[in-house]
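See below for the structure under consideration.
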Amino acid sequence: MELKVVSKDKNTIEIELEKDETFVSALREKLVSDENVENAICSTGHPMIDKPKIFVRVKKGKPESALEKAVKKLGKEIEDFKTAFEKTEKQ
């Protein structure tokens, strides 16, 4: 996956991703559940022209750390689903 840091400072980061809106929305959901995140906004623009972006502002800590934590949570949920699905297939 390619991504580009559009802007960054002490408490904020904005990233443009080579992914679809679904991934960005799931990532945003994990970010807003973090008590250290003040705001997480998805910007999708035109689906044929623009790449989705995610903007993160943290209350404390680093925005990069909040993104890493959110990605780990999302990955864990995907692994849990995969495990549950595999068990269901064996029945």
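Given a cut-off of 13 Å, what percent of all Cα-Cα pairs of region 26-71 lie beyond it? Display every interim value, and only then the final one.
Details: 527 of 1035 pairs.
For region 26-71, the share of Cα pairs beyond 13 Å comes to 51 percent.
Which whole-number percent gives the relative contact order of the chain, counting Cα pairs below 8 Å spaced six or more residues apart?
Values: 136 pairs, mean separation 25.2, N = 91.
Relative contact order, the chain: 28 percent.
Considering region 1-60, what Rg and Dmax in Å follow from its alpha-carbon atoms?
Rg and Dmax of region 1-60, Cα atoms, are 11.4, 36 Å.
If you rank K69, K90 by fewest surrounding Cβ atoms within 10 Å, what's the result?
Details: K69 17, K90 6.
Least to most surrounded, the residues fall as K90, K69.
For L67, L17, which order do you get if you count the other beta carbons within 10 Å of each Cβ and list the fewest first?
Values: L67 21, L17 18.
Final ranking by Cβ density, sparse to dense: L17, L67.
DSSP loop (so not H, G, I, E, B), at most 15 other Cβ within 10 Å: list which GluC sites (Glu not before Pro) in region 1-61 pass both filters. Please report the intermediate quantities before stating the final value.
Values: sites: E2, E14, E16, E18, E21, E29, E35, E38; in loops: E2, E18, E35.
Passing both the DSSP loop test and the Cβ count: E2, E18, E35.
Which value, in debye to the nearest 20, describes the size of the charge dipole of region 1-82 about its Cα centre when Lys and Arg Cβ atoms bear +1, Asp and Glu Cβ atoms bear -1, and nothing else is charged? Show your work: numbers first, answer last.
On the way: 17 positive and 17 negative charges, 67 e Å.
With only Lys, Arg, Asp and Glu charged at Cβ, the dipole is about 320 debye.
Give the residue from I13, I49, T83 lying farthest towards the positive end of the charge dipole for region 3-90; charges sit on Cβ (+1 for Lys and Arg, -1 for Asp and Glu) and the dipole is referred to the Cα centre.
Value: I13.
Just so you know, all these numbers are worked out from the coordinates, no wet-lab data involved. Note that the coordinates shown come from a computational prediction; the quantities given were computed from them, not determined experimentally. Because the Cβ atoms are built from the backbone with ideal geometry, glycine has one as well, and the counts that use them run over all protein chains shown.
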